[in-house]
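One structure is given here, and the rest of the page talks about it.
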Amino acid sequence: MSTLRETFLKTRNDIKSQKVSISDNIIYRLLINAEGMNSFTELITNFDKTLANPHCFERNLAKVLEGQPLQYVLGEAPFIDLDLYVNSNVLIPRPETEGLVMLVQKLISDNSLNHDTIADVCTGSGCIALYMKYKYPNSRIIATDLYEDALAVARSNSERHKLFVDFMKGDKLQPILESNIKLDVLISNPPYVENQDDIEPIVKNYEPMYAVYSEDGLAFYKEYFKNYKKIMNKKFVMAFEINYDQKESLTKLIGKYFKDEDTSFLFLKDIYDKYRYLIITGGYDVKYFEI
Ligand SMILES: C[S@@+](CC[C@H](N)C(=O)[O-])C[C@H]1O[C@@H](n2cnc3c(N)ncnc32)[C@H](O)[C@@H]1O
């Protein structure tokens with residue numbers, strides 16, 4: 001029987017010989033999770049108590065050492081203020097996507113834009129839709145995905161946070177087109193990586209390829225642009241996460257599909273200084289910003 005402190009120090013020492021290097025912080029998180037604790041403070045306060053669940057800790061440590069993403073091993077991933085449940089049926093929410101929703105939120109509040117009806121197409125874990133519901137409890141939020149397994153994760157996050165949104169299953173815009181819903185805001189982080197060499201091995205090995213890869217990296221945006229008059233109100237905001245190399249091809253597509261004079265668009269960079277966001281607005285004279 002070891003204490004948490006002894007387990008921590010032994011693990012730290014044992015893993016020196018392993019190929020995968022893991023930080024002290026990861027060992028702390030595995031201990032917190034195994035012991036059902038809520039915080040680092042709780043862990044440190046109880047550091048000299050006996051480890052109650054050594055098997056859970058060892059099982060999860062082995063998975064991390066094998067290379068599995070920590071978020072899947074622990075079944076949790078943060079998304080701004082929300083702790084979300086994740087499993088291998090959904091993409092692990094990324095900081096770039098946190099940037100996307102914060103950008104949309106800022107755009108809405110700086111310009112007092114309509115946000116009664118908001119859709120998150122390709123919802124995965126539900127991160128975008130649930131965060132929008134958290135920020136705008138009075139708005140109707142629609143969350144769609146093609147895969148039932150992904151929607152099951154999003155539904156479980158909705159229950160966990162008591163953030164209730166309308167879930168719909170279907171291909172791209174199909175559920176919205178079929179229900180004749182008109183949106184004020186459309187947000188989407190679709191599968192957009194066309195070149196498989198751009199996908200890191202850890203993503204290829206563990207995350208769902210249908211969430212990342214698209215044979216035609218522009219396919220989802222084409223669908224959104226082609227149908228925007230059918231699904232968006234006259235005044236609208238569309239906000240997309242895009243791949244770092246799509247600015248030029250998306251600019252051409254916008255020229256093809258958006259002919260109205262009161263439509264404007266802007267590409268913005270993410271925290272890694274890559275063009276990662278596309279915002280298109282219609283019917284507004286909006287103040288744009290750098291993030
Ligand atoms: C890049 S992930 C985004 C997940 C989540 N919104 C996020 O930002 O972390 C793309 C999502 O699109 C879904 N998807 C893939 N093909 C789809 C399709 N044809 N129609 C609707 N959703 C699709 C996948 O299941 C996946 O959840």
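Look through the stretch 77-128, keep the residues that are acidic (D, E) and part of a loop (DSSP other than H, G, I, E, B), and return whichever of them is nearest to the ligand (Cβ to nearest atom).
Among those residues, the one meeting the criterion is D81.
Under 24 Å from Y277 (Cβ atoms), of a type outside the set (D, E, K, R), at pLDDT 95 or above and out of contact with any Leu (no Cβ under 7 Å at 6 or more places or on another chain): is that true of L177 in this structure?
Against the criterion (under 24 Å from Y277 (Cβ atoms), of a type outside the set (D, E, K, R), at pLDDT 95 or above and out of contact with any Leu (no Cβ under 7 Å at 6 or more places or on another chain)), L177 does not qualify.
Can you name every residue in the stretch 87-127 that is among the small types (G, A, S) and in contact (Cβ under 8 Å) with a residue 40 or more places away in the chain?
Across the stretch 87-127, the qualifying residues are S88, G99, A119, G124, S125, G126.
For the condition touching a residue at least 60 places away in the same chain (Cβ under 8 Å) and of a type outside the set (V, I, T), what is the one hit in L177, L186, L130?
Selected residue: L186, the only one of L177, L186, L130 that is touching a residue at least 60 places away in the same chain (Cβ under 8 Å) and of a type outside the set (V, I, T).
Yes or no, residue by residue, for (1) assigned by TED's automatic domain parsing to the domain that holds Y147; (2) small (G, A, S):
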| residue | (1), (2) |
| --- | --- |
| I80 | no, no |
| V86 | no, no |
| E96 | yes, no |
| I108 | yes, no |
| L113 | yes, no |
| D116 | yes, no |
| V121 | yes, no |
| S125 | yes, yes |
| L130 | yes, no |
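Count, please, the residues in the stretch 246-279 that happen to be assigned to a loop (DSSP other than H, G, I, E, B) and in contact (Cβ under 8 Å) with a residue 12 or more places away in the chain.
Final tally of qualifying residues: 8.
For the stretch 226-262, name all the residues that are within 22 Å of the chain's Cα centre (by Cα), under 25 Å from N180 (Cα atoms) and either surrounded by fewer than 19 Cβ atoms within 10 Å (Cβ to Cβ) or among the charged types (D, E, K, R) (or both).
E241
Which one is nearest to the ligand (Cβ to nearest atom), of the residues in the stretch 135-181 that are hydroxyl-bearing (S, T, Y) and surrounded by 14 or more Cβ atoms within 10 Å (Cβ to Cβ)?
My answer is Y147.
Can you tell me which residues in the stretch 28-51 are in contact (Cβ under 8 Å) with a residue 24 or more places away in the chain and either closer than 19 Å to Q68 by Cβ or acidic (D, E) (or both)?
Result: R29, L30, L31, N33, A34, E35, D48.
The values are calculated or read from the model by the stated rules, or taken from the named source; none is laboratory data. Everything quoted here is computed from the prediction, not taken from an experiment. Cβ coordinates were reconstructed from backbone atoms using ideal geometry, including for glycine residues, and neighbour counts include every protein chain displayed.
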